[in-house]
There are 2 protein chains.
Amino acid sequence: MDFLDEPFPDVGTYEDFHTIDWLREKSRDTDRHRKITSKSKESIWELIKSLLDAWSGWVVMLLIGLLSGTLAGVIDLAVDWMTDLKEGVCLSAFWYSHEQCCWTSNETTFDDRDKCPQWQKWAELMTGHAEGAGAYVLNYFLYILWALLFSFLAVSLVRVFAPYACGSGIPEIKTILSGFIIRGYLGKWTLLIKTVTLVLAVSSGLSLGKEGPLVHVACCCGNLFCSLFSKYSKNEGKRREVLSAAAAAGVSVAFGAPIGGVLFSLEEVSYYFPLKTLWRSFFAALVAAFTLRSINPFGNSRLVLFYVEYHTPWYMAELVPFILLGVFGGLWGTLFIRLGKYPVLEVIAVTGITAVLAYPNPYTRRSTSELISELFNDCGALESSQLCDYINNPNMSRPVDDIPDRPAGPGVYNALWQLALALVFKIVITIFTFGMKIPSGLFIPSMAVGAIAGRIVGIAVEQMAYHHHDWIIFKNWCRPGADCVTPGLYAMVGAAACLGGVTRMTVSLVVIMFELTGGLEYIVPLMAAAVTSKWVADAFGKEGIYESHIQLNGYPYLDVRDEFTHRTLATDVMRPRRSEPPLAVLTQDTTTVEDVETLIKDTDYNGFPVVVSRESERLIGFVQRRDLTLAIKNARQKQDGVVSSSVVYFTEDAPQLPASNPQPLKLRRILNLSPFTVTDHTPMETVVDIFRKLGLRQCLVTRSGRLLGIITKKDVLRHMAQMMNQDPESIMFN
Amino acid sequence: MDFLDEPFPDVGTYEDFHTIDWLREKSRDTDRHRKITSKSKESIWELIKSLLDAWSGWVVMLLIGLLSGTLAGVIDLAVDWMTDLKEGVCLSAFWYSHEQCCWTSNETTFDDRDKCPQWQKWAELMTGHAEGAGAYVLNYFLYILWALLFSFLAVSLVRVFAPYACGSGIPEIKTILSGFIIRGYLGKWTLLIKTVTLVLAVSSGLSLGKEGPLVHVACCCGNLFCSLFSKYSKNEGKRREVLSAAAAAGVSVAFGAPIGGVLFSLEEVSYYFPLKTLWRSFFAALVAAFTLRSINPFGNSRLVLFYVEYHTPWYMAELVPFILLGVFGGLWGTLFIRLGKYPVLEVIAVTGITAVLAYPNPYTRRSTSELISELFNDCGALESSQLCDYINNPNMSRPVDDIPDRPAGPGVYNALWQLALALVFKIVITIFTFGMKIPSGLFIPSMAVGAIAGRIVGIAVEQMAYHHHDWIIFKNWCRPGADCVTPGLYAMVGAAACLGGVTRMTVSLVVIMFELTGGLEYIVPLMAAAVTSKWVADAFGKEGIYESHIQLNGYPYLDVRDEFTHRTLATDVMRPRRSEPPLAVLTQDTTTVEDVETLIKDTDYNGFPVVVSRESERLIGFVQRRDLTLAIKNARQKQDGVVSSSVVYFTEDAPQLPASNPQPLKLRRILNLSPFTVTDHTPMETVVDIFRKLGLRQCLVTRSGRLLGIITKKDVLRHMAQMMNQDPESIMFN
């Protein structure tokens, strides 16, 4: 009779594209924990098992750190090699990148590190001529061909094997972390294909970065290791704690910024972030960063992607250009979010156009991260870059760190033109690139746009300060012969501003940038730019790129940051509305199996309230549709005497029935006896708060103890959309 | 008739030593915000007011940063001066500290910076003799006298003017941030007296630090500036957002670690920390740090208290001593928490004993932060400290950064003995000092204990490695002539371990330490020590020093970290219990004014549920005792016809009463129509979760729509205490 007191398969799981109930998951985990603790007193073996269980969280973190660090290292190395493969090949060992090839060569002097006989451009290898128009055209042609090949491979692999591998993945991860189920999004295939196609996509020279996809890759690792421990694989809530930490590890390896990674996960990605997760995320992020460092893909044993060291302080007056860069960043963010929503173009076409346009300009030909690295750089005395072609003071005897401002040479002016062209190109092509069906991140391209703009502004300010020492604004802080302006700092501020405009990150952005420079000195410029860019971008629309994509896909994401300030009550939002048929409820001991089956067939609700009787409308519990279906199916198969006219009861004891009636079916086990209720007078702002903080799926509405209706997460989201004059039908999932 | 639809004074406020209702505060703020937004469309003036309102949060942050940075700078300067005043005086300007005095002197060479004619010890000034036993005794005597004077002043000021100024203040701030009201704890007097007495207490040479009290001072600043804006002064929830940020600013100036400060506030102090607060805290922490830097109290334009630069990496094998230091830190934390709970001794006596014992030992005579600074330091070639008295290799031509390990000279061995004595002294005296009735922080003394232990271990390992290159453990990483061991790093790891053992901080601890060294390099040793010390200390008792003090004081603090895993239900915790009289309720339209007054007189409940009728037990709302008292008092005074036999009604329309009845009193305005309810079957872990996340004061319990009982925060805390085998009566407040 009490057959259903035994668990049956799949009870308490969720369907694809549904939202989990955080409270239920939490209480299931407490149950599990209680069981293990009480068992652990029984035997040594159980005690060991309970200790293993307690430690499994740390083990998972360690594994995530190791694997995501390794994958990031491998991706970095592969991208380096394949980016260089578009231009030439290393004769001594074809698997060496340009830098590695020349690094092992003995003949190199310091000055032309990147020219060595072992490294040959394609034209030289094929025709023997390194110079000349013919060689240039051949190289150009092969560059485009390689790019097309890479992007073709990438797009085909994604399309055939793992459609979920495309894009940056962060919007979906945000949604998943908020409690949504997307099966396969963090699966093994996605992990494999995303890693491979990420390398191909970045190497193809498209204007995209690997940072966002690395977060996706790290989350896939997290999900993979979750399946090793039933604690995490069987509990969707606990699984999300691991995924939050994995996201931190992803950013940590993307930028070599563990603290920034944790804050990114906390600020931008995560939904439920208890203190325990903070500490574990930090551990995972550190392990990942150190794994990456021991692989040492950049060959400088540095953790960070763009290491910079500046020698000059900044001055108050410089806040004006910094804030202007912030405004630029905000505008860029707005433009990108508005136009980046509708990607229509074909990947191959965009790759072709990118390659054709990028090759002639040295600043767009190289990989974007190299470009940013050069733009961030402060010109030392030994720098051979075109950007550092200043006219040196002949009196300066030896290279020092603190070089005074100098007039720009022809190389700098030349570079300025090329940078201006690169800026326009990057802006246009990045907008078209993001959202294509290949793995693509937006951090690096956005930073590149900002860095180019920043460097241009920086050089302009520097030359103004040099040539016009007597202007009032420069008089106070820039004596002749002093080093006042660091154009590299402007590039960094611009990069932060553009990244902030697109993502609306704040603290984590500043901390990531701080970890890049390692000095508190430059936090104020970065903050000024980040705040300005956020305000400017917010003025045009509150949503960052991730929220905008979540909305575009109709995911049910209840943003923690949206303040709900409208004066509506629970009664205005609950279903059924006045014109609608009454709420579909079950009674505690008068509904038959057939009634239940009809109800399930006729409606698509995710669950049904159970009341004492239809007249009293006194609520006793809530039952999930999925559990109900499974329980009845199970009972019909395995339990004798259960027929369509059997009464279903949710009470402790079977109801008093005439002897002629078939055996009743007890379903108390699947009844949630503590459904969440609010009164009909509860303000919607409180309801929204409760949904957010407790992670509810639905909430029942009562008035003086009578059940009136139900509010689901979808109802809340639709109501919020309506209040913001958006289309409520855009919220598609529950 | 609808007199009470107008607000009357004090409605919705809280009494002293009561807990706020977060949901109500939040919903009041939303109301206020809605009003301002709708008004802002009426006129330009209202628009400006609404903009000012929107910006007030940032203005408050700016002001907090400026004031707390300034206060921290002033405190640093004053402590420096007064600490030195115990030993001597500057002849050129008596308000100069020893360092400032000699800094302005022209005659100083690099080697004896701290010996200059302008600075005279008391004996020299009074007798003309700088050396000799007589001078020593006189100096000793005056040192003790000054110390006694300072501590006497401190203790008297605290006792007379602001008893709340004693201790570190962090336990109380944690409690206040969790929603408790302690009037005057963050008042102007407390601010003033705490600042002054903090300087006196630290200067008196007692084994206490200024870091905890600085957090209290910053929070007082925050509270002060809250009163400028009605948005914050009139809403206890919003006020707590500001206080969270102020706590971050406090740690930021205490250590010069803005990011660490924000994480400290997030991890250790705050209760409700929305993302908006994260960003604002960061701003406040930065402003505070930069204000402090521009005051430049340490004279080195460094932000941080202990700036260190190490040149050697650490090796895997060193993790063993690091973990041992972690164990030591955990044991220290346990000892301190167990014994530090019962401070009985007199401040003056402890000061006297401290001064008598501290003077002869150079490591205890100087200020604790100077001691830590020296212990953290890596011995450069120019270091004149006794700790750096190594036997130099005569072949070494010029000072370099990377000095190989050297044999220790007699100075080092001498220092080791003194350090060992200092360690014992610090351990004993710190336990007696904390908790005395003067401002006292535990960060610096705890760090000192760890740093001394760490330095001793570090020197031991260094000398072992030098003398036994051939031992297997050293063979792999320590060639002869190499710089393998940095004793300063051991000191830092020890300091982190001891601080972690006492406070159980994790991420914020590592980040603060990271901000001190500025290098990711040493995060792993710090983490290893912090984790070990936390685990060891947790094994002896889950509570850190702050939680332990909160419990000692019986404050109603619902810790976010305590996991509730017992299998109890709401019905087991709710009042009334089975043996108790029924729940005190009001009916919606049949209770008279006299009934209400009797109920208020006879019970001490904080509020009463309102039901349709005693028979149906259908809940319609909840009314606060304070509001009820105020409303009836108000009505009796100002509203004609309200007498003892008047019926009180909570419905929209007045009840149908015989004409002979006196005029009824409408109280719907003070009725909370959306009280929080759970069913009697709700597991207590869910109830605890709801109380924590939503910040409730009380929650009503129903079964099938009938009101059964009530659970207050106090009930929850008492139940939790009972489940942990603690005395439930220790929870004293509601």
Chain B residue with Cβ closest to the axis mapping B onto A, distance in whole Å: B:Gly705, 2
Rounded FRET efficiency, nearest 0.05, which uses the C-beta distance separating A:Val74 from B:His311 and R0 of 51 Å: 0.95
Theoretical FRET efficiency, 1/(1+(r/R0)^6), r = Cβ-Cβ of A:Met464 and A:Ala133, R0 35 Å, to 0.05: 0.35
Percent of alpha-carbon pairs separated by more than 30 Å within the stretch B:316-553: 27 percent
Label geometry 7 Å along the beta-carbon vector: B:Thr13 inter-copy distances in nm: 5.8
Estimated FRET transfer efficiency when R0 is 45 angstrom, pair A:Trp417-A:Ile472 (beta carbons, to 0.05): 0.90
Which of A:Val610, A:Ile710, A:Leu375, positive extreme of dipole for chain A (C-beta unit charges): A:Val610
Gained length - B:Leu339 relative to B:Leu228, 0.36 nm times residue gap less alpha-carbon distance: 35.7 nm
Size of the stretch A:479-615 as Cα extents on the principal axes (Å, biggest first): 93, 30, 25
If the convex hull is drawn through the Cα atoms of the stretch A:414-492, its volume per residue in Å³: 98 Å³
Under the Karplus curve 6.51 cos²θ - 1.76 cosθ + 1.60, θ = phi - 60°, whole-Hz ³J(HN,Hα) for the stretch A:602-610, x wherever Gly or Pro sits: 7, 10, 10, 5, 7, x, 9, x, 10
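What is the packing order of peptides B:631-641, A:241-251, taking the mean over residues of other C-beta atoms within 10 Å and listing the highest first?
The packing order, highest mean first, is A:241-251, B:631-641.
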Relative contact order for chain A, counting Cα pairs under 8 Å that sit 6 or more residues apart, in percent: 15 percent
Cα long-axis angle, helix A:410-433 against chain A (0 to 90 degrees, to the nearest 10): 20 degrees
17 Å Cα-Cα reach of B:Lys426 towards aspartates and glutamates, excluding residues that sit fewer than 8 places from it in its own chain: B:Glu370, B:Glu374
Residues of the stretch B:178-212 with amide N under 19 Å of the 7 Å Cα→Cβ point at B:Leu149: B:196-206
Set of lysines near B:Lys601 by C-alpha distance (under 30 Å), chain-local residues within fewer than 8 positions excluded: B:Lys234, B:Lys633, B:Lys638, B:Lys666, B:Lys713, B:Lys714
The stretch B:63-295: radius of gyration over Cα atoms, expressed as a fraction of 2.2 N^0.38 Å: 1.17
Sequence-separation-based contact order of the stretch B:570-730, relative, with Cα cut under 8 Å and 6+ spacing, percent: 25 percent
Dipole moment magnitude, nearest 20 debye, the stretch A:533-649 about Cα centre, only Lys, Arg, Asp, Glu C-beta charged: 80 debye
Dipole moment magnitude, nearest 20 debye, the protein assembly as shown about Cα centre, only Lys, Arg, Asp, Glu C-beta charged: 2980 debye
Charge dipole of chain B about the Cα centre (unit charges at C-beta), most positive-ward option of B:Leu339, B:Tyr363, B:Met574: B:Met574
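Report the percentage of all Cα-Cα pairs in the stretch B:426-560 whose separation exceeds 19 Å, rounded to a whole percent. Write out the running numbers ahead of the final one.
Numbers: 5332 of 9045 pairs.
The proportion of pairs with Cα distances above 19 Å equals 59 percent.
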Cysteines, chain B, no other Cys beta-carbon under 4.7 Å: B:Cys166, B:Cys219, B:Cys220, B:Cys221, B:Cys226, B:Cys498, B:Cys699
Calculated label separations, B:Gly411, copies of the chain, 7 Å along the beta-carbon direction, nm: 4.8
Quarter of Cα convex hull surface for the stretch A:570-730, i.e. mean projection, nm²: 10.6 nm²
P(r) histogram, all alpha-carbon pairs of chain A included - 10 Å bins from 0, percent: 3, 13, 21, 22, 17, 11, 7, 4, 2, 1, 0, 0
Radius of gyration and maximum dimension Dmax of the stretch B:56-179, Cα, Å: 19.9, 62
Average other protein chain Cβ within 10 Å of Cβ, residues B:680-686: 6
Candidate residues A:Asp653, B:Asp16: accessible-area rank, largest first, probe 1.4 Å: A:Asp653, B:Asp16
Equivalent ellipsoid semi-axes - Cα gyration tensor, the stretch A:531-586, angstrom: 34, 15, 9
Alpha-carbon Rg/Rh ratio, for the stretch A:631-703, with Rh computed the Kirkwood way: 1.18
Cleavage-rule hits (chymotrypsin sites (Phe, Trp or Tyr not before Pro)) in the stretch A:68-100: DSSP loop, at most 11 neighbouring Cβ within 10 angstrom: A:Phe94
Share of pairwise Cα separations in the protein assembly as shown, more than 68 Å, in percent: 13 percent
Inter-copy separations for B:Asp727, label at 7 Å along Cα-Cβ, nm, ascending: 6.6
Only Lys, Arg (+1) and Asp, Glu (-1) charged, at Cβ; the stretch B:316-553 dipole about Cα centre in debye: 660 debye
Spin-label model distance (nm) - A:Ala349 vs B:Asp602, 7 Å beyond Cα toward Cβ: 8.3 nm
Dipole of the protein assembly as shown, positive direction: furthest Cα of A:Met316, A:Ala422, B:Met723, with charges on the beta-carbon: B:Met723
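The values are calculated or read from the model by the stated rules, or taken from the named source; none is laboratory data. The shown structure was predicted, so the numbers you read here are calculated from the model rather than taken from an experiment. Neighbour counts run over all protein chains shown; Cβ positions are idealised from the backbone, glycine included. Ligands, DNA and RNA are stripped out before the accessible areas are found, and what is left, the full protein with its side chains, is counted by its heavy atoms. Shrake-Rupley method; radii C 1.70, N 1.55, O 1.52, S 1.80 Å.
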